[in-house]
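The values are calculated or read from the model by the stated rules, or taken from the named source; none is laboratory data. Keep in mind that what you see is a predicted model, and the values were worked out from it rather than measured. Glycine gets a Cβ as well: all are built from the backbone with ideal geometry, and neighbour counts include every protein chain shown.
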Amino acid sequence: MILVHWYPHGYFTSDGGWQGIRIVAGVDVVLGPLLTLVVFKQGKPGLKFDMSAIALFQTLALTAGTYFVYNERPVAVVFADESFHPISTSILTEAGLTTSELAAFDREQPALIYFEMPKDPVSEQALRVRALKNSQPVYLFSEHFRPINDSNIGKIIAAAIDMDSYLAQKPDDMRTYQEYLRGLEGDRDKLVYIPVRSRYHWFIGVFDKTRLRMIHVLDIQPPA
């Protein structure tokens, strides 16, 4: 459920899934047995109550941890400044949206959204200053969200990385890229490589050019 539905592709390691699982494991796998070791003594009065309390504590911790992992899952991925930026449920509230409202942009999950920057340089600068004053990434201003369609998909594709040129001086990353190509089935010309800048890790997403859906993750640091 977590790997396939909540955190598909590379989002598990880059956007909070792995961090949440470590918290759950730390509480349920380590703290629970440790508490049991401390309180357990054969024939001790109230032992049944102590063990029940520990079991209840672990259950509550597991529930809270699972909620944290669920709430931090990426529900939208916004294209802005030539990169995709995943947004979790908790961060989505900063953009003034709910998860149900994302269907207006994309019915699939996570929803892919285009951020339409003001065409006027003065208006763009004003927006960036506003974001700076609010200590908020510019791509969270949801009034600029647009569905991805024929009018803007070309702008997204134009931001794709020329992998051969970019990796020419990065031999290790070039091997990673070439290994992916060797195992690839289908037309390479239908793929584009676009930076994905998540909270914990940046990587290069491999997208289908026609539908603009991520089909693979390359663990390669994108251009700064």
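Side notes on the structure shown:
- Scanning the stretch 79-135 for residues that are surrounded by 16 or more Cβ atoms within 10 Å (Cβ to Cβ), of a type in the set (S, T, N, Q) and either out of contact with any Pro (no Cβ under 9 Å at 6 or more places or on another chain) or part of a strand (DSSP E or B) (or both) returns SER83, SER88.
- Considering the stretch 1-39, the residues that are surrounded by 18 or more Cβ atoms within 10 Å (Cβ to Cβ) and modelled with pLDDT of 75 or more include one that is nearest to THR66 (Cα to Cα), namely TRP6.
- PHE141 vs. criteria aromatic (Phe, Trp, Tyr), in the same structural domain as THR93 (by TED's automatic domain parsing) and either free of Cβ contacts under 8 Å to residues at least 12 places away in the same chain or out of contact with any helix residue (DSSP H, G or I) (no Cβ under 9 Å at 6 or more places or on another chain) (or both): no
- Number of the condition not met by LEU127 [criteria: (1) modelled with pLDDT of 95 or more; (2) closer than 19 Å to PHE207 by Cβ; (3) of a type outside the set (D, E, K, R)]: (2)
- Where strands (runs of 3 or more DSSP E) fall entirely within the stretch 143-224, those with at least 1 residues that are crowded, with 16+ Cβ neighbours inside 10 Å, charged (D, E, K, R) and at pLDDT below 95 are at 191-197.
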